[in-house]
1. Are any of the residues in the stretch 321-340 at pLDDT below 90, out of contact with any strand residue (DSSP E or B) (no Cβ under 8 Å at 6 or more places or on another chain) and in a helix (DSSP H, G or I)?
2. For the stretch 153-165, give me each residue that is buried (at least 21 other Cβ atoms within 10 Å of the Cβ) and either touching a residue at least 60 places away in the same chain (Cβ under 8 Å) or assigned to a strand (DSSP E or B) (or both).
3. Being out of contact with any strand residue (DSSP E or B) (no Cβ under 6 Å at 6 or more places or on another chain) and at negative phi is the filter; apply it to the stretch 279-297 and report the residue that is surrounded by the fewest Cβ atoms within 10 Å (Cβ to Cβ).
4. Determine whether the stretch 170-184 contains at least one residue that is closer than 24 Å to residue 332 by Cα and free of Cβ contacts under 8 Å to residues at least 40 places away in the same chain.
5. Is it true that some residue in the stretch 139-150 is within 21 Å of the chain's Cα centre (by Cα), modelled with pLDDT under 80, part of a loop (DSSP other than H, G, I, E, B) and closer than 26 Å to residue 375 by Cα?
6. For the stretch 48-67, give me each residue that is surrounded by fewer than 18 Cβ atoms within 10 Å (Cβ to Cβ) and farther than 19 Å from residue 97 by Cα.
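The values are calculated or read from the model by the stated rules, or taken from the named source; none is laboratory data. Everything numeric here is computed off the predicted structure, so don't read it as measured data. Using ideal geometry, Cβ is built from the backbone for each residue, glycine included, and neighbour counts are taken over all protein chains shown.
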């Protein structure tokens, strides 16, 4: 599998092919069929008629070539059918006319397909740029922290799903976010974009991680209220277009729930590598705690669990910040539930802590190698991951 490290993600990422989705073998099908048919027909007795195979050359060419190349191959077929020296199957006038008609249609199809392929490449380029704007590649270093991340969206052909992460400089050190929003795939991308935007602002403005968490929570609460209002207005509009009795019922039901917030929440863990001390500060909002990799041991940090984002932290107990001392060479690993909840054929969960202990040799290289090794081990264990996966590795190098 190609290297999946986020800091190296570019246009060659396997999730978003930049070329048109035409199988490579189609480029060889038409010329190979033409050559094989001519060789076999010339080398076999006159009683064997294979000229009917030549009629398939122009349609095959239309699958992979443009109109000019398709017209060239179609013209070659007609020329070979008319050359008396080769005598390919004794085609009659109606047979030749049929092949000519098929060749003309193939040229038209090739022109339409080429235009659609060009449009598809343009749309994919725009989609890729938009997804990179939401989740840009991770820098190798942010201050005294070396970073590497891995992201795999559950929905095929996309770069962004329901998981998120970001690393930014803050007023008191390097701040990082790893989270998992409700749902996965494209339906969750809007929430991911909103949370990352809110984090980038809060990471600069807020003095501590509790304040950053409050800003993220407020963003989700407001978005949920807006989504609830929009759903209610759509329900009322649908009711108004129905029958009179049905419209009245739908309108009354919609009015009763007008303004009720939609269900929208996310789990997240916030990290801050202090600028003035060898210390890591952590705030957990319903997310799995980070792991500390120190020497040959793997330790789950004792973080105070808080409520998930989107539940209104101002009205419930706010999350507590936990401080952990760091030593040079310490690594911190954070993952989403796409890793911890992956199962094997027997239904057993992926034992991340135990498997990390077996990757000591990989950990001696760099964070990117560890992220790649975890992904490969996860795929081997589960046989294929069906949820969004995100993991970040931080190396403390003060």
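1. No, the stretch 321-340 contains no residue that is at pLDDT below 90, out of contact with any strand residue (DSSP E or B) (no Cβ under 8 Å at 6 or more places or on another chain) and in a helix (DSSP H, G or I).
2. Answer for the stretch 153-165, where residues must be buried (at least 21 other Cβ atoms within 10 Å of the Cβ) and either touching a residue at least 60 places away in the same chain (Cβ under 8 Å) or assigned to a strand (DSSP E or B) (or both): 153, 159, 161, 162, 163, 164, 165.
3. Going through the qualifying residues, I end up with 296.
4. Here is the first cut: in the stretch 170-184, the ones closer than 24 Å to residue 332 by Cα are 170-181.
After this cut, where a residue has to be free of Cβ contacts under 8 Å to residues at least 40 places away in the same chain as well, the list is 171.
Taking every residue of the stretch 170-184 in turn, at least one turns out to be closer than 24 Å to residue 332 by Cα and free of Cβ contacts under 8 Å to residues at least 40 places away in the same chain.
5. No, the stretch 139-150 has no match at all.
6. Correct list: 48, 66.
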